[in-house]
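I have placed the structure first, in the form of structure tokens, so that the comments after it can refer back to it.
The values are calculated or read from the model by the stated rules, or taken from the named source; none is laboratory data. On a predicted model such as this, the values are computed, not experimentally measured, just so you know. Reconstructed Cβ throughout: ideal geometry from the backbone, glycine too, with neighbour counts over all protein chains shown.
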Ligand SMILES: [Zn+2]
């Protein structure tokens, strides 16, 4: 059950509770859809699973955990070499000691809208270098639903699905207060969960954010300090962002932040304008690759590239959209009229909140009747659900911020109110996270990552535990698996 988690969200006037301050039932509620926040690469007691999580990535993690269980229940004297073999690492591969830095550092780099496969569109020598010398999700990083920028960036840093971290869309209504969340809302009440910069700060470590959704929000020990927390300004040149991060490594070693974020808006920006298959995308990929090259060169110049864990990822992919792939809600009028005031978002996530006197079930039934009639253009490409009837793999119901009715749109299709003119082809994202086009990349390079290794694709809620494991921190409860880090990170010698 998730009622306790929901109760957190239905108290919008309250400050976001620190997980440690949650009543026990709230913690249990979070844990009911998660495994554990802690992670270990030494103790078999941590190889536990939640039978409630039925995603592909967890099935994959289970395979790794089985391998670990085999190890720890084995009395073989050759246990440590079995570890490498059983977990897919090369024999004799262990965590490499830091050469220069006094403590582990994780730098999380996001290329917005970097669809999996973009790395093959241009020469991209720096991305490919990171892949060749690091660990890559073989078929890309799986985003959370909805595959939108704010929900996904915040899932990456909290390990929570949007229903639990509260950022259920790029914009949505607070049903209690009736006001709207926008991408400029920085009040702590919107942002639930514990992001990595807060976890670091709570443990007395320094974090630095050069843009990331949620980073400007004051939470726990995190106050978004001006020295290490940039307020979002899309006009800041990419070079300046990279050079600022590099400058942090020129600080006295005790002051170098342990966790950092770097965010670039490209190639999402171009993807929306022209779709994923356009020369502009090729150019944008080459440009963000140059920025990665600038970062690597700066780290090498300082002699610390091999000491730092660089995690390169994106929040979601991109798919082409076009005029003729649209479903118009006003064509449903013979069955039901959907007033614009009911519609919170149109596309690709159709979110409808009818007033209390209207039965959501009736609306869903009438809409689906019309869509299935064959008389609504592209009707078969939209399926409408009560949110509690959505496939459980989407984890998209346990928040009253999610509208009561959700329409799932087929890949590349859009929903609009009424027919209009002058549309051109472009690109979009936000669709079902099962679509391959919505996947992004994951590449990790650093002392705890094996060089040239591929791991099965996984959902981005696993990254929180991965980072806390590298930094040796105890993280907050989340939807990731506690056994996941051991499936990706090298064992200690
Ligand atoms: Zn995005």
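Kindly provide the set of residues from the stretch 176-224 that are more than 26 Å from residue 477 (Cβ to Cβ) and free of Cβ contacts under 8 Å to residues at least 24 places away in the same chain, ordered by number.
Answer for the stretch 176-224, where residues must be more than 26 Å from residue 477 (Cβ to Cβ) and free of Cβ contacts under 8 Å to residues at least 24 places away in the same chain: 178, 179, 180, 182, 184.
Here is a yes/no grid of residues against (1) at pLDDT 95 or above; (2) touching a helix residue (DSSP H, G or I) at 6+ places or on another chain (Cβ under 9 Å); (3) buried (at least 16 other Cβ atoms within 10 Å of the Cβ):
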residue	(1), (2), (3)
223	yes, yes, no
229	yes, yes, yes
239	yes, yes, no
250	yes, no, no
264	yes, yes, yes
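Does the stretch 288-310 contain at least one residue that is crowded, with 17+ Cβ neighbours inside 10 Å, in contact (Cβ under 8 Å) with a residue 24 or more places away in the chain, assigned to a loop (DSSP other than H, G, I, E, B) and within 16 Å of the ligand (Cβ to nearest atom)?
No, that holds for no residue.
Among the residues of the stretch 110-138, how many are in a loop (DSSP other than H, G, I, E, B), modelled with pLDDT of 95 or more and more than 10 Å from the ligand (Cβ to nearest atom)?
Adding up the residues that qualify gives 6.
Looking only at the stretch 139-187, count how many residues are within 13 Å of the ligand (Cβ to nearest atom) and part of a loop (DSSP other than H, G, I, E, B).
9
Being modelled with pLDDT of 95 or more and under 23 Å from the mean Cα position of the chain (by Cα) narrows it down to one residue among 351, 370; which is it?
351
Table: residues versus (1) outside the structural domain of residue 350 (by TED's automatic domain parsing); (2) closer than 17 Å to residue 116 by Cβ; (3) within 16 Å of the ligand (Cβ to nearest atom).
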{"residue": "418", "(1), (2), (3)": "no, no, no"}
{"residue": "428", "(1), (2), (3)": "yes, yes, yes"}
{"residue": "441", "(1), (2), (3)": "yes, yes, yes"}
{"residue": "445", "(1), (2), (3)": "yes, no, no"}
{"residue": "450", "(1), (2), (3)": "yes, no, no"}
{"residue": "463", "(1), (2), (3)": "yes, yes, yes"}
{"residue": "467", "(1), (2), (3)": "yes, no, no"}
{"residue": "472", "(1), (2), (3)": "yes, no, no"}
{"residue": "476", "(1), (2), (3)": "yes, no, no"}
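Please enumerate the residues belonging to the stretch 435-463 that are under 14 Å from the mean Cα position of the chain (by Cα) and surrounded by fewer than 24 Cβ atoms within 10 Å (Cβ to Cβ).
Hits for the stretch 435-463 are 441, 457.
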